[in-house]
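Have a look at the structure below, then the notes.
Values in this text are rule-based calculations from the coordinates and carry no lab data. In this text, all values refer to a predicted model and were calculated from it rather than measured experimentally. Glycine also receives a Cβ, built like all others from the backbone with ideal geometry; neighbour counts cover every protein chain displayed.
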Amino acid sequence: MFDWTALSEIVIVLALVLAAGPPLGSYIARVFLHRPAFGDRFFTPFERLVYRALGVSSRDGMRWTEYFGGLLLVNVVVLLWVFLVMMTQQDFFPTQPGFVPMSWDLALHTAASFTTNTDFTHFSGETSWTLGGAMIGIFVPFFMSAATGLAVLAAVARGFARKDGTLGNVYVDLVRSVTRILLPLSVLGAVGFVLLSVPDTLTHYVTAYPPHAASFTIFLGPVAPWNSIELLGTNGGGYYGLNAASPLATPNVGSSLLGSFLMLLLPFAMPFAFGSIVRRPGEAYPLLGTSLIVFLLAIGLFLFWDSSTNLLAAGSRFAYPVDVFFQTSSIYNNVGATNLTIGFLAPLSQMVLFFGMFTQATPGGVGTGFATLLVNVVIAVFLAGLMVGRTPEYLGKKIGLAQVRWAALVLLVHPAAVLIPTAITWAGGFATFPPGALPSSAYLCLHPGICPTAQNFTAILYEFTSEAANNGSGYGYVNDATPYFNVVGAAVMLVGRFLPILGMLVIAGHFSEQSPQPAGAGTLRTQSLTFTLYLTLILIVVTALLFLPAIALGPLSQIGG
């Protein structure tokens, strides 16, 4: 029987997210426009000290080349930091029962994963990082990877608003993203999780001694603040191996709903931040509408295609609409936190989750997801201009050959980063699968060249889709803790993160060199319901054209099998 109470809780969370969108977006815009904002008296002195230490000025503007170079430099430093901490943590911090030191390839994968906002782990957190290693090694990319996404949003928005060829100062944007947005919101989220019984302690583990059973270890730690920035920053790397399915990470329905709220909060505020930065608030609604239409369709199709029995087999702990809402929010916001075993879901439900990672923009990860949506806008407006025979322009900026080329590159990088390693892995037999791992009558073989199955192909496809999309969720049964998957996965995540960002900044740089032109009789009206539906259709059609053959070989081939 369908749980209508759970559905009403989902509606309330969505209403709160949408209500918070305009004021939060306006605040984010004020942060990046350097206008007076809440917390100036407290944050400004600290930020000035950081700028002085970095040797930068908040007034220095950068062209796209300088902006991307600075962004890349900061992320390389973060990647090296995480790699070194993961490799040496056992030498500096107390270890826990069952701790296993990381190999260099696993440390590389972990560093690339958390630096790129992917947080895909090939291990269980309880046994692979110490408490000290997690706190000084993982919390850094939690904030910096999310700040990178926010900085990209700020730079791309300035590209439409400016005409001097600059996109702002990357170091200032990163600092203000952390101090003004991520840190305050994550503290509030952590308090909420603590109130909902999520543990927050510096005790790493305790040993329990049941009266009629053997003793066992309960792993603890700063789970509440971890959950908060993990979900708010669309990171997704769970403190526990079970991720959000762990009873300690998500002890009750309230903590699940709070997690969904945090995952949706910033992505759905991005359109309003963009509208305020470009001084056209009305432009937020078509962009929000496109993301919302696809997101709500995904939830509806997930609930329609999957049964309660299937969801229980996948590990559903609460009313299944609540679990479906959490899982869909996680995938479509490129968070990657999982509360279900995705390999146990119905094939059509798996296809719904795949689609969210394919689009990366409905609404996608913090900052970069919305920037990806703007790339789709460039393509959509260009196609509309071709159809009516007029020069395409958006927000008074003409869309030329350079912008379209880079927009096409951004959209093509993702399928290339997914399909090339998938094909090599499948054809080369580099993947192994534990027998009996899936609830399927199909025989699971140890080598796909001997006994190929649709489930095996889907598992490999999901692995690289999740990494290329900087999502981080796992299918649940492929043996990916190998040097091959660690090294190839690290490369896929880095390419899937920074090559699209490069394209976005180049597009913004070209726009920032133009003076805005007033709208004419032939200008496409983008503040309309018609454009919202047109953009939604373009997004769906382009995504389907890029990935439908792979989906046909994977989830669709499992139907009825």
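Worth a mention:
- Residue exposure sequence - HIS510, HIS109 - by fewest surrounding Cβ within 10 Å: HIS510, HIS109
- Calculated diffusion of the stretch 80-126, Stokes-Einstein form, Kirkwood radius summed over Cα pairs, 4 °C and 1.567 mPa s, µm²/s: 117
- Cα gyration tensor shape for the stretch 455-561, rounded if a/c is under 1.5, else prolate or oblate: oblate
- Toward the positive end of the charge dipole of the chain, with +1 on the Cβ of Lys and Arg and -1 on the Cβ of Asp and Glu, the farthest Cα among LEU288, GLY192, ALA469 is that of LEU288.
- Degrees between helix 454-468 axis and first principal axis of the chain (Cα, 0 to 90, nearest 10): 50
- With kT/(6 pi eta Rh) evaluated at 4 °C and eta = 1.567 mPa s, and Rh the Kirkwood radius from Cα pairs, the stretch 50-183 diffuses with a coefficient of 81 µm²/s according to Stokes-Einstein.
- Its Cα gyration tensor gives the stretch 4-558 an equivalent ellipsoid, and the semi-axes of that ellipsoid, as √(5λ) in whole Å with the largest first, are 36, 28, 23.
- Nearest-ten-degree value, helix 347-359 long axis tilted from longest Cα axis of the chain: 40
- Taking the chain and dividing mean pair separation by its residue count, relative contact order in percent (alpha carbons under 8 Å, at least six apart): 20
- Crossing angle, helix 529-553 versus the chain [Cα axis fit, 0-90 degrees, rounded to tens]: 40
- Ranking of TRP64, TRP104 by neighbouring Cβ atoms within 10 Å, starting from the fewest: TRP104, TRP64.
- Within the chain, longest stretch clear of exposed trypsin sites (Lys or Arg not before Pro) (DSSP loop, no more than 11 other Cβ within 10 Å): 60-524
- The residues packed around PRO101, meaning those with a beta-carbon under 15 Å from its beta-carbon, carry a net charge of -3 if Lys and Arg are +1 and Asp and Glu are -1.
- Whether the stretch 173-294 is rounded, prolate or oblate, judged on the alpha carbon gyration tensor where a/c under 1.5 counts as rounded: prolate
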